[in-house]
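First comes the structure, then the notes that go with it.
The values are calculated or read from the model by the stated rules, or taken from the named source; none is laboratory data. These figures come from a predicted structure and were not determined experimentally. For neighbour counting, all protein chains shown are included, and Cβ atoms are generated from backbone atoms with ideal geometry for every residue, glycine included.
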Amino acid sequence: MTPKQLHAARKTLGLSRRDLAVVLGVSERTVQRWESTDGSTSHRGVNETAARVVSWMLAGFDPKEYGA
């Protein structure tokens, strides 16, 4: 998942960066870095596990059902 795709997915889900950070168990700053990484910086980009969870959420998985 690219940074632009993560940003679009978060917006589609109606989540703020803070909301997504809580669901993923990371800081809001981490989500901001994932969304702003363009490949020319030293950041690793979007975390693979986070991208998978966001994909599941787009498919209908609701983490609130599992106590997140």
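What number of residues within region 27-37 are part of a loop (DSSP other than H, G, I, E, B) and at pLDDT 95 or above?
Residues that pass the stated criteria total 1.
For T2, are the conditions met, namely being at negative phi, among the hydroxyl-bearing types (S, T, Y), at pLDDT below 95 and touching a Leu at 6+ places or on another chain (Cβ under 9 Å)?
no
Keeping to region 1-26, report how many residues are assigned to a loop (DSSP other than H, G, I, E, B) and over 13 Å from N47 (Cα atoms).
4
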